[in-house]
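To start, the structure itself, in structure tokens.
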Amino acid sequence: MKFGVVNYPGSNAADCYYIFDRVLGHPVSMIMSEERGLDGLDCVVLPGGFSYGDYLRAGALAGIAPVTEQLAEYAEQGGLVLGIGNGFQVLLEAGLLPGAVRRNKNLLFRCHDVFLRVDNNALPFTGNYSKGEIISFPIAHGQGNYYIDEQGLAQLEQKSQIVFRYCTAEGQVIPAANPNGSVGNIAGVCSEQGNVFGLMPHPERCTEEILGNTAGLRLFLSILDWWGIRQQEGVVAHG
Amino acid sequence: MFEASIYVTLKKGILDPDGKAIKQRISSLGFEQVKEISTGKYFLLKVNSQDRTAAEQEVRQICDKILVNLVLEDYTFELREVER
């Protein structure tokens, strides 16, 4: 399985690259944003950071970069796409995921661990979690306040597109557990087909024992497991 | 040549934390008659075109594609002919 990490100017692409290259020991390439370099990849990761300085709006300028235009075709064909933090913002701006993010309601840059409830564990990215499980990931953002109108929210709920919600340690999805004002405590959503997933929390920052938390590693292992099953079923090529 | 003044505002009902924070400070300065402050963005675009309709269409396309996030924001613009 071949992974690609997109490197927009200002992305923390090395963080994600490291997970595949060093933690998982898996083939991965760095894809430059001005090129259409996604051919042959099985999963594309848009990392966190501040793409193009986040001028105009977070993720807006990256949303119209050449690689993102190719990404739309790639996703349309069923390719796996994971957007983390700023990568999530890029997917929203590019229209690959529904909704938008606003500045955090409390105007603060929030940088701490949060609890998340897994609402959808049937995705290629979440198979190693159980439905309703409470996990902890770190967040680090000033603009993660997810917004979608009521009609859009109803559709997300109906089609199980809400993947993670901010919750308390006991799993209560309540305003007190919401770090940024997101509608419905939403921390991550997926596309209708489930092959595009974006989230504000950072799974790549909790993948090793030395960091005190490996909950994020299971997200990356989920992708590999999903791919392995597809290989056994002969749906995807070996290699 | 045409010049477009583009005004981008948050849609009705979308929370404006910046506006709210500014309003609080302004009230504490003693301007108690100010009841509300909304923030937005302003863009000035120069379009090298002879044709008003074509220029208008181009400005609209640019707004829809990149300058404005239509999930959160609305926009209006004024177009005027200017010297080259």
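Where the only charges are on Cβ atoms (+1 Lys, Arg; -1 Asp, Glu), what is the dipole of segment A:86-239 about its Cα centre, to the nearest 20 debye? Before the final figure, lay out the partial values.
Working: 11 positive and 14 negative charges, 60 e Å.
Magnitude of the dipole: close to 280 debye.
Volume per residue, Å³, of the convex hull around the alpha-carbon atoms of chain B?
On the way: hull volume 9.6 nm³, N = 84.
Looking at chain B, the number lands at 115 Å³ per residue.
Hey, which of these cross-link pairs are over 23 Å Cα-Cα: A:Lys2/B:Lys65; A:Lys105/B:Lys41; B:Lys23/B:Lys46? Each step should come with its number before you reach the end.
On the way: A:Lys2/B:Lys65 32 Å; A:Lys105/B:Lys41 19 Å; B:Lys23/B:Lys46 33 Å.
Over 23 Å Cα-Cα: A:Lys2/B:Lys65; B:Lys23/B:Lys46.
Report the gain in length on full extension from B:Lys41 to B:Glu3: 0.36 nm times residue separation, minus Cα-Cα distance, nm rounded to one decimal. Display every interim value, and only then the final one.
Numbers: separation 38, 0.36 × 38 = 13.68 nm, distance 1.65 nm.
Once the chain is fully extended between B:Lys41 and B:Glu3, it gains 12.0 nm.
Order by neighbour count: A:His202, A:His26, A:His112, fewest other Cβ atoms within 10 Å first, most last.
Numbers: A:His202 21, A:His26 15, A:His112 8.
Ascending Cβ contact count within 10 Å gives the list A:His112, A:His26, A:His202.
May I ask you to sort B:Phe43, A:Phe220, A:Phe109, B:Phe2 by Cβ crowding, counting other Cβ atoms within 10 Å and putting the fewest first?
Numbers: B:Phe43 17, A:Phe220 24, A:Phe109 14, B:Phe2 20.
So the residues, fewest neighbours to most, are A:Phe109, B:Phe43, B:Phe2, A:Phe220.
Under the Karplus relation 6.51 cos²θ - 1.76 cosθ + 1.60, θ = phi - 60°, what is the ordered set of whole-Hz ³J(HN,Hα) values for segment B:17-31, x standing for Gly and Pro?
x, 5, x, 5, 5, 5, 4, 4, 5, 5, 4, 6, 7, x, 7
Once phi is turned into ³J(HN,Hα) by the Karplus curve 6.51 cos²θ - 1.76 cosθ + 1.60 with θ = phi - 60°, what whole-Hz value does each residue of segment A:37-49 show in order, with x for glycine and proline?
Result, ordered by residue: x, 8, 4, x, 8, 9, 8, 10, 10, 9, x, x, x Hz.
Rounded to the nearest 20 Debye, what is the dipole magnitude of the protein assembly as shown about its Cα centre when Lys and Arg each give +1 and Asp and Glu each give -1 at the C-beta? Show your work: numbers first, answer last.
Working: 28 positive and 38 negative charges, 158 e Å.
Around 760 debye, computed over the protein assembly as shown.
What are the ³J(HN,Hα) couplings of segment A:102-111, residue after residue, when phi is run through the Karplus curve with 6.51, -1.76, 1.60 and θ = phi - 60°? Round to Hz, x for glycine and proline.
For segment A:102-111, the Karplus-derived couplings read 10, 4, 3, 4, 8, 6, 9, 7, 9, 9 Hz, x marking Gly and Pro.
Using amide H atoms built 1.01 Å from N in the peptide plane, name the residues 5+ places from A:Gly85, or on other chains, whose amide H lies under 5 Å from its own.
The answer is A:Leu199, A:Met200.
Assigning unit charges at the beta carbon (Lys, Arg +1; Asp, Glu -1) and nothing else, what dipole magnitude in debye, to the nearest 20, does segment B:2-81 show about its Cα centre?
Values: 12 positive and 13 negative charges, 60 e Å.
The dipole magnitude comes to about 280 debye.
What is the set of long-range amide H partners of A:Gly216 at a cut-off below 5 Å, with H atoms built 1.01 Å from backbone N?
Placed amide hydrogens put A:Cys206 under 5 Å from A:Gly216.
Given an 8 Å cut-off on Cα distances and at least 6 residues of separation, report the relative contact order of segment B:2-81 as a percent.
Contact order relative to length: 53 percent.
Could you pull out every residue, at least 5 positions away or on a different chain, whose amide H is within less than 5 Å of the one on A:Asp113? Hs are placed 1.01 Å off N in the peptide plane, and Pro or chain starts have none.
Here the answer is A:Ile139, since their amide H atoms fall under 5 Å of that of A:Asp113.
For segment A:1-97, run through the GluC sites (Glu not before Pro) and keep only the ones in DSSP coil with at most 12 other Cβ atoms within 10 Å of their Cβ.
Details: sites: A:Glu34, A:Glu35, A:Glu69, A:Glu73, A:Glu76, A:Glu93; in loops: A:Glu34, A:Glu35.
For GluC sites (Glu not before Pro) across segment A:1-97 that sit outside H, G, I, E and B with at most 12 neighbouring Cβ atoms in 10 Å, the list reads A:Glu34, A:Glu35.
Based on DSSP H runs of at least 4 residues, each adding -39500 (n - 2.57), what is the mean residue ellipticity at 222 nm of chain A after dividing by all its residues, to the nearest 500 deg cm²/dmol? Kindly include the intermediate steps, with their values, before the conclusion.
Details: 5 runs with 50 residues, N = 239.
Value at 222 nm, helices only: -6000 deg cm²/dmol.
Express the relative contact order of chain A as a whole percentage, based on alpha carbon pairs under 8 Å and six or more residues apart in sequence.
On the way: 551 pairs, mean separation 43.8, N = 239.
Over chain A, the number comes to 18 percent.
Kindly provide the GluC sites (Glu not before Pro) of segment A:134-197 that DSSP labels as loop, not H, G, I, E or B, and whose Cβ sees at most 14 other Cβ atoms within 10 Å.
On the way: sites: A:Glu150, A:Glu157, A:Glu170, A:Glu192; in loops: A:Glu170, A:Glu192.
When the GluC sites (Glu not before Pro) of segment A:134-197 are filtered for loop state and at most 14 Cβ neighbours within 10 Å, A:Glu170, A:Glu192 remain.
Could you bin all the Cα-Cα distances of chain A into 10 Å bins starting at 0 and give me the percent of pairs in each, rounded to whole numbers?
Binned Cα distances yield the sequence 8, 35, 40, 16, 1.
Which of A:Leu107, A:Leu217, A:Leu24, A:Leu116 has the fewest other C-beta atoms within 10 Å, and how do the rest follow up to the most? Could you put the intermediate results ahead of the total?
Working: A:Leu107 12, A:Leu217 20, A:Leu24 17, A:Leu116 28.
The order, fewest Cβ neighbours first, is A:Leu107, A:Leu24, A:Leu217, A:Leu116.
Quick note: the coordinates plus some simple rules give every number you see, no bench work behind them. Just so you know, these numbers come straight off a predicted model, no measurement behind them. Glycine also receives a Cβ, built like all others from the backbone with ideal geometry; neighbour counts cover every protein chain displayed.
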